[in-house]
Amino acid sequence: MKFALNILCKTTAALLAATLGVQGSSADTSTPKAETVRRIYIEFFKPIPKSDVAPKPDTPIVKLGRALFFDRALSPDRTRSCNDCHDLSRYGTNGDFAIKARDEGKLRRDVPSVYNLGTLKLMGWAGVGTDLRGYTATALTSASESAMPDRDSVVKRLKSIPRYRPLFASAFNDDAITFNRVVDALTAFQRGLVTRAPFDDFLLGNDKALSAAQLRGAVLFDRRNCSACHTGTAIGGQMLQKAGIVRPWPNQKDLGHFEVSKNPAHKMAFRVPPLRNVAKTAPYFHDHSSRSLRRAIRDITLREQGMYLDFDELRLIELFLDSLTGRLPTDYIKPPATASPPTSTSQSTD
Ligand code: HEC
Ligand code: HEC
């Protein structure tokens, strides 16, 4: 994780310097030209292209991955599928479940979305790894996710379910069920979870994809330094930053990346979260401490930069963030016939 530490230090210094220059200026009331906004972003935010980047929904390995993603058999007491927490029809997360589990003291960290993970440099709130495949292997046995006791138990469980043999056979040309293949299939399925948004259309040349207010919000997002941390195709997921650079984060129970690295410089360092679909993924922050997006924008700006945004600025930035809400790939995420419907609020995490 050496590179993550480097990024942490560099950006924090640059940001604090930049913050001094922008304190106090209020929202510009004129509507910027589309081309001006495009020029700000096009270097940093590679748009998701129109051509379908997702694999076909019926590719054998994707079919297997989808079956696994929706299967409650992948939890010790068969109560929890990946989809129960990362509900694909709700932008890959599950606010009700997160809030209920938080209130019961059962879920320490908020459930992040599983859409648009392909371009992230860091995974999970604490930035524990750098690749989706590695994280997926962890999710199967992590106590706060699928909680299977170990890799062998995953294989054993699937071997006991007859319908999996043929699915593995068509995905891998022979019917051996191995942990690596389970992870490969889940990863292949997740790589296809992509949501193109109006902001992508805008960057690719459609001036009408953003409203006048969203254009103003886009300029503010850059002027208020949000884009210094929330950068890259997923508008985040590229670096660690201390949560509470200027104003300490109120809840210091979870120390973030420090828990992985044990490096004191990493206390309260969290991954800058990706913001695609953020309007749909409440609650916010690693400790789900905000239920409203507007409040989240207000709090993070104050805590990271010591800066108050006025009512109009908050409104415009919130509108801009909604231009990152993409279309769900409805065919791709259709639950397989064998899946039971999600039990958003009635399940438990023990
Ligand atoms: C009990 C709820 C729960 C279940 C079940 C669950 N997850 Fe998660 N998932 C979480 C939480 C909470 C996190 C964040 C953990 C952290 O950062 O410490 C997470 C993080 C992730 C991430 C990282 C996302 C990102 O933005 O970096 C991926 C990928 C993921 N889970 C995939 C899966 C897969 C695949 C399964 C099924 C095998 C699964 N999860 C099952 C709750 C769950
Ligand atoms: C210094 C880096 C930095 C800057 C600047 C920054 N953020 Fe963030 N942002 C973060 C970090 C780190 C988090 C995660 C905090 C946590 O939960 O631990 C975050 C979280 C968020 C969230 C919550 C996302 C979620 O899924 O929970 C939103 C929304 C957000 N930021 C918007 C903004 C906006 C808008 C701006 C500009 C006004 C901004 N941020 C500026 C680092 C930054």
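For the reader, a short list of remarks on this structure follows.
- Members of segment 214-235 found to be closer than 15 Å to L203 by Cα and within 16 Å of ligand 1 (Cβ to nearest atom), listed by number: T231, G232, T233, A234, I235
- Members of segment 57-116 found to be at positive phi and either more than 10 Å from ligand 1 (Cβ to nearest atom) or touching a strand residue (DSSP E or B) at 6+ places or on another chain (Cβ under 8 Å) (or both), listed by number: R78, Y91, G105
- Taken over segment 128-143, the criterion of being outside any helix (DSSP H, G or I) and within 23 Å of N263 (Cα to Cα) is satisfied by V128, G129, T130, D131, S142.
- Whichever residue in segment 17-58 is modelled with pLDDT of 65 or more and hydroxyl-bearing (S, T, Y) and, among such residues, is surrounded by the fewest Cβ atoms within 10 Å (Cβ to Cβ): S51
- Extreme residue, nearest to N116 (Cα to Cα), among residues of segment 201-251 that are within 12 Å of ligand 2 (Cβ to nearest atom) and among the aromatic types (F, W, Y): F221
- Of residues in segment 263-292 being in a helix (DSSP H, G or I) and crowded, with 21+ Cβ neighbours inside 10 Å, the one nearest to ligand 2 (Cβ to nearest atom): V278
- Check on D84, crowded, with 19+ Cβ neighbours inside 10 Å, touching a helix residue (DSSP H, G or I) at 6+ places or on another chain (Cβ under 9 Å), of a type outside the set (S, T, Y) and outside any loop (DSSP other than H, G, I, E, B): yes
- Only a single criterion out of (1) away from ligand 1 (no atom under 14 Å from the Cβ); (2) under 19 Å from T187 (Cα atoms); (3) among the hydrophobic types (A, V, I, L, M, F, W, C); (4) surrounded by 14 or more Cβ atoms within 10 Å (Cβ to Cβ) is not satisfied by L122, namely (1).
- Residue list for segment 215-250, filter: closer than 15 Å to I317 by Cα, outside any helix (DSSP H, G or I) and of a type in the set (A, V, I, L, M): I235
- Single residue of segment 226-246 satisfying the filter (surrounded by fewer than 21 Cβ atoms within 10 Å (Cβ to Cβ) and more than 16 Å from the chain's Cα centre (by Cα)) that is nearest to A34 (Cα to Cα): S227
- Restricting attention to segment 92-122, the residues that are free of Cβ contacts under 8 Å to residues at least 60 places away in the same chain and closer than 19 Å to F270 by Cβ add up to 1.
- Being part of a loop (DSSP other than H, G, I, E, B), surrounded by fewer than 20 Cβ atoms within 10 Å (Cβ to Cβ) and within 16 Å of ligand 1 (Cβ to nearest atom) is not true of P329.
- For segment 141-159, the criterion of being hydroxyl-bearing (S, T, Y), touching a residue at least 12 places away in the same chain (Cβ under 8 Å) and under 23 Å from K280 (Cα atoms) is satisfied by at least one residue.
- Of all residues making up segment 87-114, the number that are in a loop (DSSP other than H, G, I, E, B), within 14 Å of ligand 2 (Cβ to nearest atom), farther than 19 Å from V272 by Cα and of a type in the set (K, R): 0
- Boolean, I161 is within 16 Å of ligand 1 (Cβ to nearest atom), within 30 Å of D312 (Cα to Cα) and not in a helix (DSSP H, G or I): no
The values are calculated or read from the model by the stated rules, or taken from the named source; none is laboratory data. Keep in mind that what you see is a predicted model, and the values were worked out from it rather than measured. Please note: Cβ atoms are built from the backbone with ideal geometry, for glycine as well, and neighbour counts cover all protein chains shown.
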